[in-house]
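The values are calculated or read from the model by the stated rules, or taken from the named source; none is laboratory data. Treat the numbers as computed from the prediction; the structure is a model and nothing was measured. Neighbour counts run over all protein chains shown; Cβ positions are idealised from the backbone, glycine included. Heads up: the accessible areas ignore ligands, DNA and RNA and are worked out on the full protein's heavy atoms, side chains in. Shrake-Rupley method; radii C 1.70, N 1.55, O 1.52, S 1.80 Å.
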Amino acid sequence: MKKIKFVFLWAFLGLILFVSAQPALAHANLIRSDPPANSAVKTPPKVVRAWFSEAVEPSFSSLTVLDQSGARVDKGGSQRMSDDPTGLQVSLNDLPEGLYTVVWQTESAVDGHVVNGSFAFTVGDTPLTQASPRELMSQVDATLNANALPPLSQVIVRWLNIIALTLLVGALA
């Protein structure tokens, strides 16, 4: 009889955890940007800002702005906005008229998933189609591949968390 009560107790606790668990709607995806994606602006911006669907981890998230030749035109050191944990910003050098590509990579502060992408904007009367899509994608790929891997200490801590959770679940089972 005790064994049956024990099984029902664990089944009841499992049901409560299952029902109360929140779905992981994770990944910090791009929502909007300034300048807007695929837009033409008359005056060169001094800063590019991007807002994402959830808070980003600033140590592993970045914005990079490239010109048509693939050269960086930002000042480096993209950072999370002080007033909004879902936003990143990067300062720009003086931009002449032309086509620019913003390459973004985010690590979600909620779940740790990494997402990346890109968008373009132009300054002046330059059309968005000035560079071929193949050239833009090769620039984006090169920029994303150049980003550094997470530090070994963070990788070790995450593995220790996974092992501890596995042992805890195994002990409960």
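Key figures
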quantity: Pairs where the first residue, in segment 73-84, is over 16 Å from GLU107 (Cβ atoms) and assigned to a loop (DSSP other than H, G, I, E, B) and the second is open to solvent by less than 90 Å² (accessible area, probe 1.4 Å) and of a type outside the set (A, V, I, L, M, F, W, C), C-beta under 6 Å, 6+ apart; calculated: VAL73/ASP67; VAL73/ASN93; LYS75/SER91
quantity: Filtered residue count, segment 40-54, keeping only those that are closer than 18 Å to GLU107 by Cβ and over 19 Å from the mean Cα position of the chain (by Cα); calculated: 0
quantity: Answer residue from segment 111-126, given it is within 15 Å of THR86 (Cα to Cα) and touching a residue at least 60 places away in the same chain (Cβ under 8 Å) and is least open to solvent (accessible area, probe 1.4 Å) among those; calculated: VAL115
quantity: Residues located in segment 50-76, provided they are out of contact with any strand residue (DSSP E or B) (no Cβ under 7 Å at 6 or more places or on another chain) and within 24 Å of PRO151 (Cβ to Cβ); calculated: SER59, GLY76
quantity: Within segment 136-170, tally of residues that are at pLDDT below 80, of a type in the set (Gly, Ala, Ser) and part of a helix (DSSP H, G or I); calculated: 4
quantity: Extreme residue, farthest from GLU107 (Cα to Cα), among residues of segment 85-96 that are of a type in the set (S, T, N, Q) and in a strand (DSSP E or B); calculated: SER91
quantity: Inter-residue pairs, beta-carbon under 7 Å, first in contact (Cβ under 8 Å) with a residue 24 or more places away in the chain and in segment 37-49, second outside any strand (DSSP E or B) and open to solvent by 60 Å² or more (accessible area, probe 1.4 Å), 6+ apart; calculated: ASN38/LEU128; PRO44/ASP94
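Conditions (1) more than 10 Å from the chain's Cα centre (by Cα); (2) modelled with pLDDT under 85; (3) under 26 Å from TRP159 (Cα atoms), marked per residue:
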{"residue": "VAL56", "(1), (2), (3)": "no, no, yes"}
{"residue": "VAL65", "(1), (2), (3)": "yes, no, no"}
{"residue": "ASP74", "(1), (2), (3)": "yes, no, no"}
{"residue": "VAL102", "(1), (2), (3)": "yes, no, no"}
{"residue": "GLY117", "(1), (2), (3)": "no, no, no"}
{"residue": "ALA131", "(1), (2), (3)": "yes, yes, no"}
